[in-house]
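Here the structure comes first, spelled out in structure tokens, and everything after it is commentary.
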Amino acid sequence: MVRGPRARAALLVAGVAAWGGSPAAPGPPVRATSPALAMGSAELTCPLGPSASRAGSCARDQTKMRPIIEGALFRVLVCRPDLFDFHDLRNGRPKVLDPGEYQAAVKAALEAQGICALPEERGRTIAIKNTNEYSEQWRIATERGYVVRQYVATCIPPGW
């Protein structure tokens, strides 16, 4: 567990370096005391509602929401260090201690920005949308439980 301002600063530098750049900062900052990050996102819902269409085809395309998902993942790393083992790293990315809680925290960070999020695949993937025209699927943890941010596909229409 990371403690103290120096340790957190080191984490930020390591996180930025491991992710190959600086994190995007869409929306207002989310603090650890935010109800959305502290309690999960049970009370938050998608402001768009369900898509009017059934799920269409999903294919790997060019992502439009990379800055949004990266910002949310980075916020969770900083605001919820209790969810990670920073001594167990793979490619500079920490081990997730509680995949379900991690996924709920990512969902909450996205919803705090007005982005709809649908958790999938036991804490490893999440679908996101900011329109009912399409959604994107993202892998947020590896099968072995390490943090990752990997674009999977775009679905047109989202079907959810």
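The values are calculated or read from the model by the stated rules, or taken from the named source; none is laboratory data. Predicted, not measured: the structure shown is a model, and the values here were computed from it. So basically every Cβ, Gly included, is an ideal-geometry build from the backbone, and we count neighbours across all protein chains shown.
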| field | Filter pass, residue 114 being touching a helix residue (DSSP H, G or I) at 6+ places or on another chain (Cβ under 6 Å) and assigned to a loop (DSSP other than H, G, I, E, B) | value | no
| message | Can you tell me how many residues within the stretch 43-82 are of a type in the set (A, V, I, L, M) and either modelled with pLDDT under 95 or assigned to a loop (DSSP other than H, G, I, E, B) (or both)? | response | 6
| field | Any chance residue 76 is free of Cβ contacts under 8 Å to residues at least 40 places away in the same chain, crowded, with 16+ Cβ neighbours inside 10 Å and of a type outside the set (Ser, Thr, Tyr) | value | yes
| the stretch 86-102, subset closer than 13 Å to residue 149 by Cβ and in contact with a Gly (Cβ under 7 Å, 6 or more places away or on another chain), residue surrounded by the most Cβ atoms within 10 Å (Cβ to Cβ) | 96
